[in-house]
Amino acid sequence: MRKSIAAAMSRSKREIPHYYLADEINLENSLTWLTARNAQRSIDERVLPAVLLLKAVGLAAQKFGEFNGFWREDGFEPATGVHVGVGISLRGGGLVAPAIHDVPDKKLDELMDDLTDLVARARSFSLRSSEMSDPTITVTNLGDQGVDSVFGVIYPPQVAIVGFGRPAQRVRVIDNGIRIVPTVQATLAGDHRSSDGHRGALFLAKINELLGQPDLLEK
């Protein structure tokens with residue numbers, strides 16, 4: 001497992017001209033909305049904040065297609081669907097990033113079911129081959145490990161990876177006043193052959209916008 005990961009990441013750093021961007025996202029609207037939504041459901045029907053992040057990335061990747069696809073034979077191939085790879089740590093060590101298919105088209109409840117199922121099957125080594133080969137963009141979320149931010153390495157032939165750190169209460173200036181709000185650090189590693197920092201900034205801004213209007217994620 002470690003040798004395979006090292007080989008893929010070595011190839012990535014050797015072949016892909018990475019650039020990195022970061023944006024701090026205010027989660028107050030999203031978490032307030034999600035808390036109210038979950039309060040109307042039983043425990044096994046509730047949605048985790050991670051699902052909101054996945055849906056926001058999926059919708060943003062649908063709008064900014066240069067981050068959703070593959071670099072092959074010296075050219076970019078846009079993907080026809082948005083299949084978000086999810087970084088999952090394995091109990092015995094190592095990491096896999098299988099795909100949840102067609103993320104922008106799914107309701108939050110369906111994405112929650114897909115994520116729960118994917119994590120369980122990844123840790124029982126029963127993933128389907130298509131789930132390992134289909135990701136068009138990857139999300140890595142290390143917030144549960146206590147880190148504030150993560151800057152990922154793109155998994156070739158993909159051209160982007162989005163990282164989320166630990167959501168936490170932080171002091172911020174909002175509307176000319178000082179408040180304590182929940183925020184999360186979102187990062188983007190992009191392939192400079194298919195995109196640039198300007199487009200990357202707009203991509204992260206779209207994720208920020210979607211998380212600020214969580215009702216848009218429910219559709």
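Assuming charge only on the beta carbon of Lys and Arg (+1) and of Asp and Glu (-1), the dipole of the chain about its Cα centre is about 620 debye to the nearest 20.
Rounded to the nearest 5, what % of the DSSP beta bridges within segment 1-217 are antiparallel ones?
About 80 percent, rounded to the nearest 5.
When the helices of the chain are scored as -39500 (n - 2.57) per DSSP H run of n ≥ 4 and the total is divided over every residue, the value at 222 nm lands at -11500 deg cm²/dmol. The order of the peptides 193-199, 109-115, 36-42, 133-139 by mean Cβ neighbours within 10 Å, most packed first, is 133-139, 109-115, 193-199, 36-42. Placing V150, V173 in order of accessible area, with the largest value first and a 1.4 Å probe, yields V173, V150. Rounded to the nearest 10 square angstrom, I180 shows an accessible area of 110 square angstrom against a 1.4 Å probe. In the chain, a dipole from Cβ-located charges (positive for Lys and Arg, negative for Asp and Glu) runs towards its positive end, and of T32, I137, A6 it is A6 whose Cα lies farthest in that direction.
The peptide list 67-75, 15-23, 124-132, put in order of mean Cβ contacts within 10 Å with the highest first, becomes 67-75, 15-23, 124-132. The protection proxy used here, the mean number of other Cβ atoms lying within 10 Å of each residue, ranks peptides 45-56, 87-98 as follows, highest first: 45-56, 87-98.
Shape class of segment 156-198 from the alpha-carbon gyration tensor: oblate, with a/c at 1.5 or above and b/c at least as large as a/b. The accessible area of D148, taken with all protein chains in place and a 1.4 Å probe, comes to roughly 80 Å².
Considering only alpha-carbon pairs that sit under 8 angstrom and 6 or more positions apart, the relative contact order computed for the chain is 30 percent. Taking the C-alpha atoms only, the angle from helix 2-15 to the longest principal axis of the chain is near 80 degrees. For D196 and K107, FRET efficiency with R0 = 41 Å and r from the beta-carbon atoms, rounded to 0.05? Calculated value: 0.75.
Kindly count the pairs of lysines across the chain whose alpha carbons are less than 30 Å apart, treating pairs on different chains or eight or more residues apart as eligible. The result is 18.
The values are calculated or read from the model by the stated rules, or taken from the named source; none is laboratory data. Fair warning: this is a prediction, and the values are worked out from it, not measured in the lab. Neighbour counts are summed over all protein chains in view; Cβ atoms, including those assigned to glycine, are modelled from backbone coordinates with ideal geometry. Only protein heavy atoms, including side chains, enter the accessible area calculation; ligands, DNA and RNA are left aside. Shrake-Rupley method; radii C 1.70, N 1.55, O 1.52, S 1.80 Å.
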